[in-house]
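The values are calculated or read from the model by the stated rules, or taken from the named source; none is laboratory data. All figures in this text were calculated on a predicted structure; none of them were measured in a lab. Heads up, the Cβs are rebuilt from the backbone with ideal geometry, glycines too, and the neighbour counts pull from every protein chain shown. Heads up: the accessible areas ignore ligands, DNA and RNA and are worked out on the full protein's heavy atoms, side chains in. Shrake-Rupley method; radii C 1.70, N 1.55, O 1.52, S 1.80 Å.
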Amino acid sequence: MPPSVPSRRAVLRAGLAAGLATALPAVTGCDARTRAPEIVVAGGVQPGVYINLARTLAAIWAERLAVAAPPRVLGTAGSGQNMRLLTTGGASVAISQVDVAADVARGVTGPNSPRALARLYDDVTHVVVRRDSGLTRIADLRGRRVSIGPTGSGYQPIAIRLLDVAGIGVRGLGRRVELGLPEAVEALRAKRIDAFFWSGGVPTGGLRELAAEVPIGLLDLGDVLDRTRERFGGVYSVATVPANTYGLPEPVSCVSVRNALLVPASMPDDLADALIQAVIDEQPRLARASPAAVTIDSRSAIGTQPIPLHPGAEDFYRSAKGY
């Protein structure tokens, strides 16, 4: 009879501390580099926070986990596409806004249903206009040329919801286009559109560059936030973009939404545990890749509601006294 061995979780933790050169073989009883599943990370658009974090996470996991092949990162349109990949088996890890993830989760059960490893950072939804446009509230967008973001992005659903709550809807726009951030910036600069939606960190580099050339403003969303929360639940919060950001003369109320690191429910607990331990241990490295990651820690990371934590992540946070 073979000798007893430590638990899978204990072995994996020990292996992480030692570089994980032999930890997974101890767990599986075979060569981990031929048996461990490939990690595929659904990222985002370039340039962007999602893709930068995804690439950095892939590099960290490649160094710390004994895997069959280096983790792969997929360029995507954002949260919507990421969730489709995660729930259909096209990706084993995804970054997504929790509102999009919650919408998808309602229609998925079984092994591919999404579970969270961590809250990463919060995005702020901007509605960007030229400062001389005279537009100040979302209701002012009726009859205007507006980009609501590309299909598959996380912020297009927010744009549609805000327009609906304001009583406009996409049909009330004069012209609806679906542009990514670089294209929307150029279109506003050239006056081909009157406004565009964007969800990202504050400040967003592309907006800061635009503001250096063209005075811009942000629509105040305070008058629709309460109704949005009532209709769509507590996935949205108020965020204030401070005065002087993008040259703004005064603070502006916007909408914020959490971003989470997600995996399928079928992921083994010890692998989920190892992935999130690496995230917390390497937080300074992630913050160097993107300032948005400066907020990641084991206490705030558990705030992934309404997406439940993966049991392996729960195990990690309990051991780290994260809650």
Exercise for the section: Check whether at least one residue in region 11-31 is acidic (Asp, Glu), over 20 Å from Ala289 (Cα atoms) and either at pLDDT 80 or above or open to solvent by less than 70 Å² (accessible area, probe 1.4 Å) (or both), and report yes or no. Expected result: no
Completion exercise
Residue hits (region 265-296; open to solvent by 60 Å² or more (accessible area, probe 1.4 Å) and within 16 Å of the chain's Cα centre (by Cα)) are Pro291, Val294, Thr295
Exercise for the section: Of the numbered conditions (1) closer than 17 Å to Ser199 by Cα; (2) in contact with a helix residue (DSSP H, G or I) (Cβ under 8 Å, 6 or more places away or on another chain); (3) at pLDDT 95 or above, Val263 fails exactly one; give the number of that condition. Expected result: (1)
Exercise for the section: Test Arg208 against the stated conditions and say whether it is surrounded by fewer than 16 Cβ atoms within 10 Å (Cβ to Cβ) and either among the aromatic types (Phe, Trp, Tyr) or on the phi < 0 side of the Ramachandran plot (or both). Expected result: yes
Problem - Of residues in region 142-157 being crowded, with 23+ Cβ neighbours inside 10 Å and in contact with a helix residue (DSSP H, G or I) (Cβ under 7 Å, 6 or more places away or on another chain), the one farthest from Ala301 (Cα to Cα) - result: Ser147
Handout entry: Residue under evaluation Met83, criteria (1) open to solvent by 40 Å² or more (accessible area, probe 1.4 Å); (2) out of contact with any Asp or Glu (no Cβ under 6 Å at 6 or more places or on another chain); (3) of a type in the set (A, V, I, L, M), criterion not met
Key = (1)
Problem - One residue from Leu248, Leu262, Leu221 being open to solvent by less than 20 Å² (accessible area, probe 1.4 Å), in contact with a Ser or Thr (Cβ under 7 Å, 6 or more places away or on another chain) and farther than 29 Å from Thr56 by Cα - result: Leu221
Fill in the blank from the handout: (1) under 26 Å from Asp103 (Cα atoms); (2) modelled with pLDDT of 95 or more; (3) of a type outside the set (Phe, Trp, Tyr) all hold for Arg229 apart from (2)
Exercise for the section: Test Gln97 against the criterion of being crowded, with 24+ Cβ neighbours inside 10 Å, out of contact with any strand residue (DSSP E or B) (no Cβ under 6 Å at 6 or more places or on another chain), at negative phi and touching a residue at least 60 places away in the same chain (Cβ under 8 Å), and give yes or no. Expected result: no
Problem - Number of positions in region 170-193 that are open to solvent by less than 30 Å² (accessible area, probe 1.4 Å) and in a loop (DSSP other than H, G, I, E, B) - result: 3
Practice task
Could you tell me whether region 205-216 includes any residue that is part of a loop (DSSP other than H, G, I, E, B) and either among the β-branched types (Val, Ile, Thr) or modelled with pLDDT under 95 (or both)?
Solution key: yes
Handout entry: From the options Thr109, Thr56, residue that is of a type in the set (Val, Ile, Thr), surrounded by fewer than 21 Cβ atoms within 10 Å (Cβ to Cβ) and not in a helix (DSSP H, G or I)
Key = Thr109
